[in-house]
Amino acid sequence: MAQPIKIQKVARLLQKVLGEIFVQETSKLLSNHVVTVTEVSMSPDLGLAKVYLSFIFSKGEFDMLAQVQQRKGVFRKLLGNRIGNKLRKVPELKFYIDNSAAHAAKMHKLLSGLDMPEYSDGAV
């Protein structure tokens with residue numbers, strides 16, 4: 001089932017603003033690691049935002065996620081300062097690691113390792 005337009009718009013807004021926050025604030029909060037917001041999904045009541053993060057050039061993704069989780073109040077406050085005039089209530093933030101790039105690379109490696117015969121129109 002597709003989400004209503006309003007929920008999609010709020011999710012896109014949060015993704016954009018949180019992405020800006022991570023770019024501007026990571027030097028102070030996360031010791032210069034590169035963090036990207038790959039997806040945000042909202043609860044139907046707009047009270048919870050699931051934020052999926054990708055940590056680029058970082059070996060300890062779980063350690064980085066723990067650092068983000070420890071500072072989620074700071075990120076929520078920064079978010080509220082930027083979108084407070086657009087939303088009545090700033091949603092609670094839950095952060096997750098986005099493994100889609102690693103999963104895609106694994107699938108590509110598996111598929112490229114398959115020995116499949118070439119397809120031809122006439123032959124079976």
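Values quoted throughout were computed directly from the atomic coordinates according to the rules given, and no laboratory measurement underlies them. All values reported here derive from a predicted model rather than from experimental measurement. Don't worry about glycine lacking a Cβ; one is built from the backbone with ideal geometry, like all the others, and counts go over all protein chains shown.
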Could you tell me the distance between the Cα centroids of the stretch 1-26 and the stretch 52-95, to the nearest Å?
11
Return the FRET efficiency for the residue pair residue 85, residue 5: r is the Cβ-Cβ distance, R0 is 25 Å, and the value is rounded to the nearest 0.05.
0.80
At q = 0.14, 0.15, 0.21 Å⁻¹, base-10 log of I(q)/I(0) for the stretch 5-99 (Debye sum, equal scatterers on each alpha carbon)
-0.46, -0.52, -1.03
Placed amide H near residue 34: partners under 5 Å, 5+ positions off or other chain
56
